[in-house]
1. Using 0.36 nm per residue of separation minus the Cα-Cα distance, give me the extension gain between Ser65 and Asp48 in nm, one decimal.
2. In the chain, which helices (entire DSSP H runs) extend 24 Å or more along their own long axis, judged by Cα positions, while averaging at least 0.5 on the Kyte-Doolittle scale?
3. Which value at 222 nm does the chain reach when only helices count, each DSSP H run of 4 or more adding -39,500 (n - 2.57), with the total divided by all residues and rounded to the nearest 500 deg cm²/dmol?
4. Distances over 25 Å make up what percent of all Cα-Cα pairs in the chain?
5. Between Asn154 and Glu107, what is 0.36 nm times their sequence separation minus the Cα-Cα distance? Round to one decimal in nm.
6. Starting from the Cα of Leu32, step 7 Å along the direction of its Cβ; do the same at Val126; then give the gap between the two resulting points in nm.
7. Compute the FRET efficiency between Asp95 and Glu57 as 1/(1 + (r/R0)^6), taking r as their Cβ-Cβ distance and R0 = 35 Å, and round to the nearest 0.05.
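Throughout, read-outs are computed from the coordinates displayed, never taken from laboratory work. Remember, it's a predicted structure, so these values are computed and weren't measured experimentally. Every residue, glycine among them, receives a Cβ derived from its backbone with ideal geometry; neighbour counts consider all protein chains shown.
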Amino acid sequence: MLGTAFTMEGTTGTEGLGGLGMAALLTAPFWLAFVLWPLFWIWRRVRDRQLWTEKVELLVHDPESSEPFGLEVLFGRDGVRVAVDEVNGVEGLSDALTGIPTRKPDEAAGIPFETYDAADLAAWGVAWLEVHPDGEGALAEFARWTDTLRHADNAARR
């Protein structure tokens, strides 16, 4: 049965070497992929080493509260980063973070958008909470969240 499928026996116009040619023609893409597979594997291994991000997770501060606050963060080879667009989605935060440096997009590292370093956001959060210890609202929630971010960054660097 396997030989019949390979040589196309029993079909009209495909007997003999013609059948073998038809089988080769129909299975050529699979043989090509089989031959090139090791090259594709090597290429992916080399390319993936350049990528910075290892995982993306939702980091939540005080998940047991009635309204927990969290943002998605990027865990990478040398720490944690947060997307600028993600942070700017918090009400009133884009104006408050104007002095914090951002990292430019790095397509080769797999980060196609601007990011903040976790250490910079954590330092901002500590400074903001010192000035506004009893703050309320989204800005205060973000400042408290930066402490959770600091702990995640420290854990990622170990």
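1. Values: separation 17, 0.36 × 17 = 6.12 nm, distance 3.86 nm.
Fully extending the segment from Ser65 to Asp48 adds 2.3 nm.
2. Values: long enough: 17-48 (44 Å, 0.98); 138-157 (28 Å, -0.59).
Once both thresholds are applied, what remains is 17-48.
3. On the way: 6 runs with 81 residues, N = 158.
Result for the chain: -16500 deg cm²/dmol, rounded to the nearest 500.
4. Numbers: 6359 of 12403 pairs.
Percent of Cα pairs beyond 25 Å in the chain: 51.
5. Numbers: separation 47, 0.36 × 47 = 16.92 nm, distance 2.54 nm.
Here the segment from Asn154 to Glu107 would lengthen by 14.4 nm.
6. Calculated label separation equals 5.9 nm.
7. Working: r = 27 Å, r/R0 = 0.78.
FRET efficiency, Asp95 to Glu57: 0.80.
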